[in-house]
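Engineer: Before anything else, here's the structure in question.
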Amino acid sequence: MIFRWRGESAEAEPTAGESAPPASPASPAGQAGRLREELARIVGRANADGGRLPPGAVPTVRDIDDILRPLLGYIETRGASDEELRYIAAIVQEYLPQALDDFLALPPRYADRPGVTGTTPADDLVRQLQLLDEGAGEIQDSVYSGDAARLAIQARFLDAKFRRSDLDA
């Protein structure tokens, strides 16, 4: 290691020939890895229960997976803010499984019966999944645009630091 940030121990970086230690379960990388595993289980369950779910439900669950799985892989290596991780965790650990569980708990004859709101549970499930899909897209934009903004700031800093001015001649 060439230099250390304040507070960093000398063991923070592996020496040549050693591999990096596994991510701590509490670290963003560890949490992202667990969330990816949970998401895969939810998608597998939605696929298995697809015959009981309304049209459009399984493709929307897969759309959510198409956004979050690569995003979680990115977060495993690059990190994310605590707030972004909380939103993703809420989708994967709470909102998505709860929506599917609540619908699948209903007897099939109630799935298409209008409720007090005038919509059917099938309509409600598909709408909830669409909202989760939109929310996943917003989190994806937040993570990637935040990293893109940091890259632009670094470029401006380097430009100011190393570009020769006409006054330097």
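Engineer: List the relative contact order of the stretch 52-141 as a percent without decimals, with contacts defined as Cα pairs under 8 Å and 6+ residues apart.
Structural biologist: That works out to 49 percent.
Engineer: In the stretch 78-92, whose amide N lies under 13 Å from the spot 7 Å out along Cα-to-Cβ of ARG45? List them in ranges.
Structural biologist: Within reach of a label on ARG45, which here means backbone N under 13 Å from a point 7 Å along Cα→Cβ, the stretch 78-92 contributes 92.
Engineer: While we're here: Which ³J(HN,Hα) values in Hz, rounded to whole numbers, follow from the phi angles of the stretch 101-106 under the Karplus curve 6.51 cos²θ - 1.76 cosθ + 1.60, where θ = phi - 60° and Gly and Pro get x?
Structural biologist: Going residue by residue, I get 4, 4, 5, 5, 6, 6 Hz, with x marking Gly and Pro.
Engineer: Turning to a different aspect of this structure: Take ASP66, ASP101 and order them by how many other Cβ atoms sit within 10 Å, fewest up front.
Structural biologist: So the ranking, lowest neighbour count to highest, is ASP101, ASP66.
Engineer: Mind listing the phi-derived Karplus ³J(HN,Hα) values for the stretch 114-122, rounded to whole Hz, using 6.51, -1.76 and 1.60 with θ = phi - 60°, and x for any glycine or proline?
Structural biologist: The phi angles translate into x, x, 5, 8, x, 9, 8, x, 4 Hz.
Engineer: For the residues PHE103, PHE162, PHE157, what sequence is obtained by ranking on other C-beta atoms within 10 Å, fewest first?
Structural biologist: Listing PHE103, PHE162, PHE157 from fewest to most nearby Cβ atoms yields PHE162, PHE157, PHE103.
Engineer: Give the order of ASP65, ASP49, ASP141, ASP124 when sorted by the count of other beta carbons within 10 angstrom, beginning with the fewest.
Structural biologist: Fewest to most other Cβ atoms nearby, the residues stand as ASP141, ASP49, ASP124, ASP65.
Laboratory data are not the source of any read-out in this text; all were calculated from the coordinates shown. Keep in mind it's a predicted model, so treat the numbers as computed, not measured. Cβ: placed from backbone, ideal geometry, glycine included. Neighbour counts: every protein chain shown.
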